[in-house]
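No value in this document is a laboratory result; all are computed from the given coordinates. Just so it is clear, the model here is predicted, and its values are computed rather than measured. Here Cβ is always computed from backbone atoms with ideal geometry, including for glycine, and neighbour counts include all displayed protein chains.
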Amino acid sequence: MSELRVRSLAAIAWAAIGWAAPGRAADPAIRPTIENERIIATDVNGVQPSARHDFVSVSLTHPGAAAFGHQGEPPGSAGERSVVIELKDRTVEPLVNPTSYPLAFPRAGAKKLLENERVVVWRYAWHAGQATPMHFHDKDAIVVFEGDGAIESTTSAGERKVNTVKFGDISFNPRGRIHTEILASGDVRAVITELK
């Protein structure tokens, strides 16, 4: 029997007994996550089981809304889609800015949604023809995109990269980056959670 046929039969068997295949969530309301030593970011629908860590919940049903919750509380809201960013216990100090460039945030056009001892959460929209100043990211950041399009990023060394994003995409961006950004196409907004 071919390997493909064996995999297909295994997937059908898993589905028939109501279990998820290894490495997959059993609940169809839970979408793929980003997980590393600092966070677990999950795209969810509805109220979820109690969180294992403090968390930031970014609403995709009500763009531009974010809330902070504590370990043991259930993240998410009934009938709503959100990205839940669980904050693991590993913290790192923000980097000292070794450049003459400003920090990534605050910046013109950015709205601070919340701040506490763990995070600073911002909402930002990129606009055609309006590049951000060259800036330094002193903190790790999780970006939840609220629009479809492309953002062109240019480093201080002149290296360019175009990132295509869609509504609901999640990105973990490590600290230490220096770049400027400009909207290349579409309508891109995001909620950006900086980790302290």
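Look at Arg52, Arg189, Arg123 and count the other Cβ atoms within 10 Å of each Cβ; fewest to most, that gives Arg52, Arg189, Arg123.
Of the residues Lys111, Lys139, the one with the fewest other Cβ atoms within 10 Å heads the list, and the complete ranking is Lys111, Lys139. For segment 111-195, the convex hull spanned by the alpha carbon atoms encloses 87 Å³ per residue. Extending 7 Å from Cα along the Cβ direction at Arg189 and again at Thr61 yields two label points whose distance is 1.8 nm. Here the extension length gained between Asn36 and Arg107 equals 22.8 nm, from 0.36 nm per residue of separation less the Cα-Cα distance.
Which shape class applies to segment 55-145: rounded if a/c is under 1.5, otherwise prolate when a/b exceeds b/c and oblate if not, where a ≥ b ≥ c are the square roots of the Cα gyration tensor eigenvalues? Oblate is the answer for segment 55-145, as a/c is 1.5 or above yet b/c matches or exceeds a/b.
Of the cross-linked pairs Lys139/Lys166; Lys111/Lys161; Lys88/Lys166; Lys111/Lys139; Lys88/Lys196, which ones have a Cα-Cα span greater than 21 Å in the structure shown?
Values: Lys139/Lys166 24 Å; Lys111/Lys161 26 Å; Lys88/Lys166 26 Å; Lys111/Lys139 17 Å; Lys88/Lys196 12 Å.
Over 21 Å apart, Cα to Cα: Lys139/Lys166; Lys111/Lys161; Lys88/Lys166.
Using a simple spin-label model with pseudo-atoms 7 Å out from Cα toward Cβ, Val47 and Thr99 lie 4.5 nm apart.
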